[in-house]
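Participant: Can you keep this structure in mind? I'll have questions shortly.
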Amino acid sequence: MAVLYKYSGAGNDFVVLDGRPEDVGHYREAGVIRSLCSRKDGFKAADGRIGADGLMILSGADGYDFSMEFYNPDGSSGMMCGNGGRCIVAFSSFLGLVPADGKVFRFVAADGEHTGEIVSSEGDVATVRLGMIDCSEYHPVLDGWFLNTGTRHFVKFVDDVESLDIESEGKRYRWDEKFAPLGVNANFVQRLADGSLKVRTFEKGVEAETLACGTGLTACAIASWLDSHEGSRETAASSWGSVRVDLHARIADLKVDFKAPERADAAFKEVFLTGPAELVR
């Protein structure tokens with residue numbers, strides 16, 4: 001029987017297990033995933049919190065330090081999860097894995113190759129710098145932006161994110177026909193006076209607001225740059241190159257770094273998401 005662990009990435013919590021030593025196919029079954037992730041009577045961690053925002057399995061992969069399998073709490077196979085990616089990097093270190101190059105883990109997930117570096121740690125909390133895929137799919141849509149940062153996202157800028165009825169607004173965009181049939185995660189962003197972003201996210205698969213969404217925060221950071229430079233890309237040469245955006249999720253702060261493209265049809269590259277990953281004992 002596999003040992004189950006609970007990790008939290010900025011409040012996004014996951015059931016995590018090591019799939020290398022034994023057959024864990026049982027844990028890939030939709031019914032088992034739904035049961036473990038149920039907020040009513042699912043897996044209970046030491047902090048008393050019941051259920052999870054998803055399940056992850058760490059497995060072996062040729063040419064990589066490991067692979068990451070991510071499943072939504074409804075039992076469906078998910079795409080990339082940024083907070084989950086940081087957690088599985090911390091989990092790999094907890095298991096005693098050592099990066100092939102001695103410093104940075106290379107792993108593969110549903111959306112492709114990623115890197116992960118533990119930049120600091122204290123007790124059960126690690127700060128992880130996660131390398132994301134290039135963002136080449138983005139465009140304005142409805143009253144916001146569509147971006148694919150490993151998962152499909154809609155980003156809308158609002159004046160007051162705290163007063164937002166996120167359940168009704170989130171469902172409206174999540175199920176909008178513009179995003180059919182796959183749907184999107186819906187992110188709502190408030191620009192603060194210091195230039196940072198305050199974010200709330202309604203996640204598909206969870207079908208509710210979560211405390212944080214890593215790919216969503218990444219999408220919001222890139223959308224903020226796009227929104228600020230819309231219509232002026234050819235004259236915004238001073239803003240090309242490396243960009244850092246500070247973001248505030250519900251209970252944690254994170255950073256997104258990226259290299260902005262010089263052309264409107266080019267990809268955002270060297271995208272990194274940095275934030276906490278905690279083993280919940």
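The values are calculated or read from the model by the stated rules, or taken from the named source; none is laboratory data. Computed from a predicted structure; not experimentally measured. Neighbour counts run over all protein chains shown; Cβ positions are idealised from the backbone, glycine included.
Participant: Pairs please, first residue from region 258-277 and without any contact (Cβ under 8 Å) to a residue 24 or more places away in the chain, second anywhere and surrounded by 18 or more Cβ atoms within 10 Å (Cβ to Cβ) and of a type in the set (F, W, Y), Cβ atoms under 8 Å, 6+ apart in sequence or on different chains.
Facilitator: Note: pairs meeting the criteria are K259/F268; P261/F268.
Participant: Test V108 against the criterion of being at pLDDT 95 or above, closer than 17 Å to T201 by Cβ and touching a Phe, Trp or Tyr at 6+ places or on another chain (Cβ under 6 Å), and give yes or no.
Facilitator: No: the conditions fail for V108.
Participant: For S168, which of the numbered conditions (1) assigned to a helix (DSSP H, G or I); (2) crowded, with 16+ Cβ neighbours inside 10 Å; (3) hydroxyl-bearing (S, T, Y) fails to hold?
Facilitator: (2)
Participant: Just the residues that are without any contact (Cβ under 8 Å) to a residue 24 or more places away in the chain and either of a type in the set (G, A, S) or assigned to a helix (DSSP H, G or I) (or both), please, taken from region 4-29.
Facilitator: Scanning region 4-29 gives G25, H26.
Participant: Another question about this same structure. Does G78 satisfy being more than 20 Å from P21 (Cβ to Cβ) and modelled with pLDDT under 95?
Facilitator: yes
Participant: Just checking, how many residues over region 128-140 are buried (at least 18 other Cβ atoms within 10 Å of the Cβ), within 15 Å of the chain's Cα centre (by Cα) and not aliphatic (A, V, I, L, M)?
Facilitator: Of the residues in region 128-140, the ones buried (at least 18 other Cβ atoms within 10 Å of the Cβ) are 128-133, 135, 138.
The next check asks that each one be within 15 Å of the chain's Cα centre (by Cα); those that pass are 128-133, 135.
Okay, now just the ones that are also not aliphatic (A, V, I, L, M), so 129, 131, 135.
Residues that pass the stated criteria total 3.
Participant: Can you find a residue in region 188-204 that is among the aromatic types (F, W, Y), without any contact (Cβ under 8 Å) to a residue 12 or more places away in the chain and within 27 Å of G51 (Cα to Cα)?
Facilitator: no
Participant: Output the residues belonging to region 84-112 that are exposed (fewer than 13 other Cβ atoms within 10 Å of the Cβ) and part of a strand (DSSP E or B).
Facilitator: G112
Participant: Which condition does G51 not pass, out of (1) surrounded by fewer than 16 Cβ atoms within 10 Å (Cβ to Cβ); (2) of a type outside the set (S, T, N, Q); (3) at positive phi, if it passes all the others?
Facilitator: The single condition G51 does not satisfy is (1).
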